[in-house]
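Each value in this text was obtained by applying a stated rule to the coordinates, not by laboratory testing. Bear in mind the structure is a predicted one, so any value in this text is a computation, not a measurement. Here Cβ is always computed from backbone atoms with ideal geometry, including for glycine, and neighbour counts include all displayed protein chains.
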Amino acid sequence: MSGHEDLKAAIERLAGERRPDLRSAREAVERLLDLLEEGRVRAATPDGSGGWTVHPWVKKGLLLAFRVSKDLRYPPAGPLGSRDKDLLPPRGIGTMPGVRLVPGGSAVRRGAHVGPGTVLMPPCYVNTGAYVGRGAMIDSHALVGSCAQIGDRVHLAAGAQIGGVLEPPGAAPVIVEEDCFVGALAGLFEGVRVRRGAVIGAGVVLTASTPLYDLGEERILRAGSDGVLSVPERAVVVAA
């Protein structure tokens, strides 16, 4: 994340202005979106000691994108048409080297990073600001929400929902670390953190207020003082 202090300062300034200069704001947003897609900037990054650092300025930049974007109508596909913000269109497969995007209605929005070796099964959706690492599997009907962080070799099974967050900018995104499995129709929301190698069973829904019962240690796990519920490494979580 180092080396982008000028962009951070520009976004902080522009986001705080009631009527930011349109050209300057759009240029800053485009630069941010490029860096997010390259994986050089992220909404949250490992801190090197087992924790994560949230970068609120990244979310401020994404919120700024909505403010300074124009409405863009897309050509209809049969009877269906669509309209979205012109700075946040779907990414083309040519912009994601090494990614297998299976035909059938999936979309990766501008500003999302998808690592090489990842497979996107239809239909799935990866929203802006999200980070998906190398060799992941995003199965059919799965959602990776705004700014969610998905580690290398994570498998999101069919219908898994990874909640997104843009506001407030300082809120922690959902983080699923490397080598995790999230079962079919499971849901992770409100900044839940799933540590390396953990398994979330099918249909399990976790939020910041969900208690977890640790059978091995015979204790109840709850969100910490930072409001983040953390699933331990290599834990297996099933619904009671």
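Numerical summary
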quantity	calculated
Filtered residues of the stretch 200-221 (kept if assigned to a loop (DSSP other than H, G, I, E, B), at negative phi and touching a residue at least 12 places away in the same chain (Cβ under 8 Å))	Gly201, Ala202, Val204, Thr207, Ala208, Ser209, Thr210
Given (1) surrounded by 16 or more Cβ atoms within 10 Å (Cβ to Cβ); (2) closer than 24 Å to Ala43 by Cβ; (3) among the β-branched types (Val, Ile, Thr), index of the condition Thr207 fails	(1)
Count of residues meeting criterion [more than 19 Å from Leu166 (Cα to Cα) and either in contact (Cβ under 8 Å) with a residue 24 or more places away in the chain or part of a strand (DSSP E or B) (or both)] in the stretch 49-95	13
Subset of the stretch 37-48 [surrounded by fewer than 19 Cβ atoms within 10 Å (Cβ to Cβ) and either in contact (Cβ under 8 Å) with a residue 12 or more places away in the chain or within 12 Å of Tyr131 (Cβ to Cβ) (or both)]	Glu38, Gly39, Arg40, Thr45, Pro46
